[in-house]
Amino acid sequence: MEQHSEPIPGYRLIERLGRGGFGEVWKAEAPGGLYKAVKFCYGTVGGGRDNQAAQELKALARVREVRHPFILSMERFDVIENQLVIVTELADRNLEDRMRECQRQGLQGIPRRELLKYLREAAEALDLMSVEHDLQHLDIKPQNLFLVGQHVKVADFGLVKDLEGFQTKVTGGVTPVYAAPETFDGWLSRTSDQYSLAIVYQEMLCGERPFDGRSVRQLMMQHLMNAPNLSTLPPADQSIVGRALSKDAGERYPTCSEFIEALIDNAVDEGTPTVMPRPRPPLDLVERPGLDAGLSTQSAHGRDVDTAGNIIAPDITLGFDRIAPCVSDQGILYPTLFVGLGGIGIRCMEKIRTALQRRFGEPELWPAIRLIGIDSDPYVLRQIRKEERITADTYDQTMICKLRKPTKYLERWEELKHLRSWLNPNALFQISSSGTTNANRGVGRLAFVDNHRQIAARLQMELSELTSPQAILAAQEATGRGLARHQPRVFVCAPMGGGTGSGMFIDLCYLLRKLLHRGGSSDPDIQALLFAGVQRNDPKKDLRRVNHYALAQNLLDLCRPNAEFLAQYEADGEEFRFKGPPIRTAYFFDTSAEHLPDSADHVVLDQISELVVNMTATPLGKYFSEQAEKDKWPPFRSIGWFSLRYPEEALLRKTAARICYQLVRDWQASMPAKDARQTALNAKRVISSQDFDPASIASRIETIMNDKLEIPLSERVDEHLAELVELFDKAPPEDYPSIAADTIRELKKLVGLDPEEDESDFEDIPLLDVAIRPATTQVVQELVEPMITAMATAFSEAGPRLDRGRITWDAMLDALLTIIDAYQDLATQKQADVVETLRSISGKIEASLKGGIVLSSSFVSSMRRYVTDKIAFRLADQVIQAYRLLRSRLSDKARDLVTIRQSFERLGEMCKAVLDSPDGVECGFSEQTLFPGGLTMIADAVEANLVRLSGERIEELEAFLDQSVFAQRGGLWHCLTERGRSKDLATSMLEQAEKWAALSIPLSDVAHGFLDRHPNEDKESLLHELRCFYEWAKPTVYGPQGSSITVTDPVREDFVISCPETLSGQTFRQSMTQLMGDTSLQTGAPPDRIVLIRMTSHDKLGKLLPLWLLRSKGLYESACQTRFSPEVFPQFANT
């Protein structure tokens, strides 16, 4: 095909969009100036049945009647010179394009919630094809799922097959990467497309597929024999995707939509917001000349493209001043970005998210606070989740900066002059086979250089979103805090000894400074949170010490007056220059200090998360900023933290779990005999109601049956009998027997055979049976509803719900059986009447044959009575059949009762697990907990809350749960009969019970509780405990005590107390002032917390770093092979 040609008159080809195994696709201008996609199929239509074009034409014939908003519409198809040409609507891009776009932003793949939105729409279209048209697409892959606007559309139906018979040749042309195992055996199932959709989900979310075969044979064997590798998926998704990828088609989900809905429901279990994020465009955020100089070129269409050929979107300026009107003097909220480097940085990110969620709710409620983790290890999340629970959001917010293989760098080493100036090529061999840095600082910086454009794009995207007016207003509403300033505050958390953390830190901070400057921030507020510590048993402790010293030296050099940072990230790019320090403040946390417990990392992570949250959304953050600016606080700090708190969250959570656990046990209890009898009586009243009366059921069956027959059966019988009378009048007597026999045969076609006759002699299905059986089924369906309602009602009332439901079930079963037994005699009698009437008719016919008796009107009356008796018998028989079907349907509910019993057991186990879980209550080192009433254990405080809540209040909670949890899901019966819902139900129950408890249990003032422990006459005891609090707030990095280095300038120390604004809080502050003298006192803390903060600051980093780090200088110097200037990173070999 040639550009600008018109193979179809009126359709001008503009550009080729793609080429595949079945043909090529062009963008074309259609009549009226509309743009369409035109596909030219390879092969000729008359080239045989296995020809590609012929196969596509056959597939088009199958799908031409399929219409759905999520199926790419087909405008027309033609055969031009024996070549099949298909015209469809033009899509924006496909799902693979969207994934690549996300990866260029630093994501692993498409964000989970956005991806599920797309796949939910695709599943709806595929289910329509399968359920209503018996078709399977058989070529579901990212390239065939197109995006039009904000929606997905399924396309390319060249392999569509009909499910009729299920045996068909399907291997030809399928994409082996996504093909279901049964297709390799030459057959298909109704869930073949679901299998492909599951592979698409994992690939689009994680960037990796469950099968990694490189050849068709390898892939075929993996699909048929191997278990899928689901390790890259979030843990809770693995079982769901594993079921969809089952080798046995019968074990998959019944429909594609049920598979996707299981994933969506699972997002709630994982603590994931259900709101789908809007798609984020790729951003080129680095201005020229500068960091990205030399990195872009012009494409043929005049758009910027990077070195990989990816189109770069126009720049979007931050413009922080756009939200200036929101700032107020009373505001305390800071738009905040947290960046965690390395595995420990990502763990810290997770801690901060948990702390924010506990205070302010789900992440969509605080969009002005953004979190991002960066690491070079592609398996970092797998390692973290072995020790801690991580949410689906962690996957979306983690950016993996992959390293290449060492040979890829060495092959072009002479060209990589921007690396040769600082990177020792021997360090490249430290890159592990899995792409990790092996704690090599130079390799960590290399990961930044290789991915600096993606990192820049991701950082600017986050900064742009968190400073948008919508984000600020939403955060103010969620937190109840005003805005302190519009420029964002950025925290960068990194381990000083890690390869990624130490290697990326300086470059990342300067990149952030550049982005913040571009947004209008003259003095960017970048706060460093640095882990300074090496574990004694770390096999790489010497290398990590070198990393510590090197990063500390970089910070000292770059914080000197007139220091300049320069770097070059592309071989032919310009140098990136920046004057001034990389950070405003650096906080150091020593994880190897002897006074820390064994779980030092967890303690420090908790301290950092508390620091970030308080610096972001409490008065402490504003206080620190104002004092630092006023008193010119030095940049290097160590902070100590001690809090005295009332464990409101833990206590409410465990109180809610305790009440829910008791409720579930009450639901499983046995009913008193009197109540059980009344419940059984109520259930039998349902079956004895007018709707279940046999005469009523027979009447409804007959009415429905006659409605289905255009001419009622009685009228048809009358027509036949009228013809019989007419024939008797005209025919001679000797013909009467044959006429009567013919009439009987015709009537049997209407009303059916007699019990004594052989069905093999009768080929036609009686009209009565054709109409009466569906009528019976419809009546049964109508009567099942009140029985289910009775069961659901039994479970909706407070008390022993399980036993009430079982008794209701038993009583209705017994009532149905009683009716069946009683009505069976009537049906038997009506059957006897039919037989007797027919014998009378047969006798009259035989007598006529033998004696020439004339058949008279009495014979016609007998025939009418026969038909009437036969219909009455069939109705009676169907009434019994209806009761049996009802009993069968009710018997099926026995499985539901078992499921409910098991669900109750699981609910109890989940509530018990919350009760038995760690309290999350610290005492001693960094936090002390006070319980109300002088209690010392949270279990005792929970029991005290139960005593405080009377029986009536517990009943009030049960009614509250019925309304807020169960009613929203169709009632407790429906909640519990759906398998796999126990976890979701338990989570909702506990959340709502916790909200109820928060309203029912008054919040204790922690200052009041503390003062109660010290009566007025025991003043010395009070001051002694306050001294202990002060000592416990000592910073983890206090200074190189015992160091031989001369300390000429004193270390500055600030002491801050945050107290509740209550009378007890005022008394506490007065006591602390008496002990400490002049102390900075900051009010505004919630009633459940008192926070004591000690902070040491110094201009010289050596005053804050521990002695072991200063002694690393010799180790560092021996590791360095060459002397490097302060502007670049000193590099070293492993020793």
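Per-structure values
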item	result
Added length on full extension, which subtracts the Cα-Cα distance from 0.36 nm per residue, residue 517 to residue 80	151.3 nm
Which of 128, 256, 142, positive extreme of dipole for the range 95-269 (C-beta unit charges)	142
Estimated FRET transfer efficiency (residue 354, residue 1024; beta-carbon r; R0 30 Å; 0.05)	0.30
Spacing of the two label points (7 Å from each Cα toward its C-beta) at residue 413 and residue 627, in nm	5.3
Residue list for the range 790-827, given a label point 7 angstrom along the Cα-to-Cβ vector of residue 905 and an amide N cut-off under 20 Å	800-807
Mean separation of Cα contacts under 8 Å, 6 or more apart, over the residue count of the range 95-269: relative contact order %	23
Inter-label distance for residue 1073 and residue 214, nm, one decimal - labels placed 7 Å from Cα along Cα-to-Cβ	7.6
Extension gain, residue 1003 back to residue 1 (0.36 nm per residue minus Cα-Cα distance, nm)	353.1 nm
Footprinting exposure proxy for 220, 863 (fewest neighbouring C-beta atoms within 10 Å first)	220, 863
Cα-Cα over 31 Å, subset of 351/1034; 27/514; 417/514	27/514
Check: the range 661-756 dipole with +1 on Lys, Arg Cβ and -1 on Asp, Glu Cβ, in debye	1240
Cβ-derived FRET efficiency at R0 30 Å, residue 541 paired with residue 379, nearest 0.05	0.85
Sequence of 423, 976, 410 once ranked by neighbouring C-beta atoms within 10 Å, starting from the fewest	410, 423, 976
Residue-by-residue Karplus 3J(HN,Hα) for the range 732-739, coefficients 6.51, -1.76, 1.60, Hz, glycine and proline x	x, x, 5, 8, 4, x, 5, 5
Restraint check, 402/579; 36/141; 749/830; 153/402; 141/247; 405/579, Cα-Cα greater than 26 Å	402/579; 153/402; 405/579
Residue 185 versus residue 477: modelled label distance in nm, points set 7 Å from Cα along the beta carbon direction	5.5
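Computed from the coordinates by the stated procedures, all read-outs in this text should not be read as laboratory data. Not measured: the values here are computed from a predicted model. When we count neighbours, we look across all protein chains shown, and the Cβ atoms used for this are built from the backbone with ideal geometry, even at glycine.
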